[in-house]
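Let me begin by handing over the structure; questions about it come next.
No lab work stands behind these numbers, since they all come straight from the coordinates. This one's a predicted model, so the numbers in the text were calculated from it and none came from an experiment. Backbone-built Cβ (ideal geometry, glycine too); neighbour counts: all protein chains shown.
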């Protein structure tokens, strides 16, 4: 939920009712993350986590980026500098090791062994996002305390290791395969989970917990833009695209995606920076056809409830769903 | 499981232990289905179901089919007659109405109202396969007794209404959306379900039952070819393609799929008939690169257990998973 929706009040509201609130560090400076952490520590004394993007290994092909930049310029879009950076990875890891949140989760790859060690030595649980059994095995081997198993239903970026060929497994298939590939490592299930019943489902599938993103994007505490809130409340279809950032991500299909998806290179974060001004301008003028409307496949079920009330309702619904299914199975309903 | 894997002994073995065995009628003549039904009625006195393909509304563009035929011919492949037919739809519905199995399920579209009425008047439950909430709403409106909610994880053909743009929802997303779109109509969950835990998951998600296909394809009772059994036992990736039949279907990625996927038209059953001899020849010579290796995303978890033992193990595992998750949630684990 980097890039807007993730806020300190949202994470705090989730943690305050016994959930594990998460704060995104992506696209933010180390100083901004330090400020966020200070604010979150004031807002809640409960455990919370932060998510960090593992940097790409190397810059993308400059010619491919340049060709895409020319295409967007020809469409009349303002452009940002298509630079390669590591999103201040080492500074963020160092400051998190000092701040000692309960959890640091990683997306976009296997974090360096030194980062894992630094965080774990500080008593922080390290979670790694995986989208395939092979990634799960590698993350388990790297000593992850838990794996965030991200199904293809998920909104926003595919969090796995490969920005070119992202994992396409549905969440239930992934959970079953990870159980074998990374035996004994707890799984945090994510992707398309919008209801208490779906939380119950992933727990029954063996996950230790469920992680929800899109479900919170219409909450008043979220920083989601008005145009995106409207789109989330519709039943518009989603698709996975590199058009906005150069890395595959799921969003509601709109004109920008349709116009540029086929031409977008594998080039993260270059394309993210390149399209940033055009996306900000569209967001600002409320034009839902011109920026990334990240959303999971079941986004139409997102509600505008306050985050704390949502967590409490989902937890109660999940417990009820499990009891009901257990009773039905005992009667022979399975 | 039409086209080989579905057999009378497989359906009978499932029904005999209290499952609901299914027999495919696709690609079979009405006479062959009549013989199958007679054999199945002898093999088990328990309830079973049969699956029927709803015919496409109209033949595909002949030029597109011809272009694809030329491509395959250029690759040296033997060709069948790319004919349009309705797979003996009306004869099959009529004979099923007389035979009165417990369930008739439909794939590839909304069956005509007359067919639904004829079967229901004979006391047969009518199930309709859906892959989107819109299809679910239409099937509910058509009076379906249950909806087979097929997630994108599923092996074989996408069973929804649209052969051009198939539904891409993961199973858990689909179940949540169908609960709203077709309130009150029981859901049979299918797609990527290979373990008792996954069965538990879909029951917790609110499904009335789970339907498994790939999980049975290595069973000794299945008619699965030797080359496909070997491929199923691997961790080879799957993808959705029209290359083999002109309708999107998920199979293990192989040379035929890679070579022809991009060129395959929306043309079912024409392309099915066109490629039939090439596929049969490859299957015969054990060449897994030359025919359709239908498989769900988690196919690597399929076992070679006898079907009855598999059903009993999965049911016990599902009950255990539900009890475990319910107990964990009561302890606050959710």
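Relative to the other copies, what are the label-point distances for residue B:165, with labels 7 Å from Cα along the C-beta vector, expressed in nm at one decimal and sorted shortest first?
Label-point distances to the other copies, shortest first: 2.8 nm.
Same structure, new question: So, R0 is 22 Å and r is the distance between the beta-carbons of residue A:330 and residue B:102; what FRET efficiency does that work out to, to 0.05? All intermediate terms of the calculation are to be shown ahead of the outcome.
Working: r = 23 Å, r/R0 = 1.04.
Efficiency, from the Cβ-Cβ distance: 0.45.
Let me ask something else about it. What does the average come to when, for each residue of peptide B:174-184, you count the partner chain Cβ atoms lying within 10 Å of its Cβ?
Numbers: counts 5, 7, 12, 9, 0, 4, 5, 2, 0, 0, 0.
Other-chain Cβ atoms within 10 Å of each residue's Cβ, averaged: 4.
Other chains near A:232-239: what is the mean number of their Cβ atoms within 10 Å of each residue's Cβ? List each step's numbers first, then the result.
Working: counts 0, 0, 0, 6, 0, 5, 3, 1.
Per residue, the average neighbour count from other chains is 2.
Here is a follow-up. Stick to Cα atoms and the Kirkwood definition of Rh, then tell me Rg/Rh for the protein assembly as shown. List each step's numbers first, then the result.
Values: Rg = 25.2 Å, Rh = 25.8 Å.
Here the Rg-to-Rh quotient is 0.98.
Over the Cα atoms, compute the radius of gyration (one decimal) and Dmax (the largest Cα-Cα distance, rounded to a whole number) for region B:238-313, in Å.
14.2, 43
Find the centroid of the Cα atoms in region B:123-154 and in region A:141-155, then give the distance between the two in whole Å.
Measuring centre to centre over Cα atoms gives 32 Å.
What distance in nm separates the simple spin-label points at residue A:73 and residue A:142, each placed 7 Å from Cα in the Cβ direction?
3.6
Averaged across A:313-323, how many Cβ atoms of other chains sit within 10 Å of each residue's Cβ atom?
Numbers: counts 0, 1, 3, 1, 1, 4, 6, 1, 7, 13, 5.
Shielding by partners across A:313-323 averages 4.
Something else now. From the Cα gyration tensor of region A:1-76, with a ≥ b ≥ c the square roots of its eigenvalues, which class applies: rounded if a/c is under 1.5, or else prolate if a/b is larger than b/c, or else oblate? Walk me through the numbers on the way to the answer.
Working: a/c = 3.30, a/b = 2.63, b/c = 1.26.
Judged from the Cα gyration tensor, region A:1-76 comes out prolate (a/c at least 1.5, a/b above b/c).
If packing is taken as the average count of other Cβ atoms within 10 Å, what order do B:28-39, B:118-129, A:72-83 fall into, highest mean first? If you can, show how the numbers build up before the last one.
Numbers: B:28-39: 16.0, B:118-129: 19.6, A:72-83: 14.2.
Descending packing order for the listed peptides: B:118-129, B:28-39, A:72-83.
If you average the C-alpha positions of region B:1-57 and of region A:212-290 separately, how far apart do those two centres end up, in angstrom?
For region B:1-57 versus region A:212-290, the Cα centre distance is 46 Å.
OK, next. When a/c is below 1.5 the answer is rounded, else prolate if a/b is larger than b/c, else oblate, so apply that to region B:149-261 with a ≥ b ≥ c taken from the square roots of the Cα gyration tensor eigenvalues.
Judged from the Cα gyration tensor, region B:149-261 comes out oblate (a/c at least 1.5, b/c at or above a/b).
Would you calculate a helix-derived [θ] at 222 nm for chain A, using -39,500 (n - 2.57) for each DSSP H run of n ≥ 4 and dividing by the full residue count, to the nearest 500?
-12500 deg cm²/dmol
What FRET efficiency, computed as 1/(1 + (r/R0)^6) with R0 = 25 Å and r the Cβ-Cβ distance, is obtained for residue A:208 and residue A:117, rounded to the nearest 0.05? Before the final figure, lay out the partial values.
Details: r = 23 Å, r/R0 = 0.92.
Taking R0 as 25 Å, the efficiency between residue A:208 and residue A:117 is 0.65.
Further question: Just to confirm the numbers: residue B:57, label point 7 angstrom along the Cα-Cβ line, distances to the other copies in nm, shortest first?
For residue B:57, the other copies' label points sit at 4.9 nm, shortest first.
Let me ask something additional. Rounded to two decimals, what ratio of Rg to Rh does chain B give with C-alpha atoms and a Kirkwood Rh? Mind dumping the intermediate values first?
On the way: Rg = 19.3 Å, Rh = 20.2 Å.
Using only Cα positions, Rg/Rh for chain B is 0.96.
Order B:303-313, B:321-331, A:286-296 from most to least packed using the mean count of other Cβ atoms within 10 Å. Before the final figure, lay out each step's value.
On the way: B:303-313: 17.8, B:321-331: 19.5, A:286-296: 22.9.
The most tightly packed comes first, giving A:286-296, B:321-331, B:303-313.
Pop a pseudo-label 7 angstrom from the Cα along the beta-carbon direction at both residue A:94 and residue B:91 and give the gap in nm to one decimal.
Between residue A:94 and residue B:91, the label points sit 7.8 nm apart.
State, to one decimal in nm and shortest first, how far the label point of residue B:76 sits from each corresponding label point in the other identical copies (label point: 7 angstrom along Cα-to-Cβ).
5.4
Still on this structure: Counting pairs of alpha carbon atoms under 8 Å apart in space and at least six apart in sequence, what relative contact order in percent does chain A give?
Numbers: 704 pairs, mean separation 61.6, N = 334.
18 percent.
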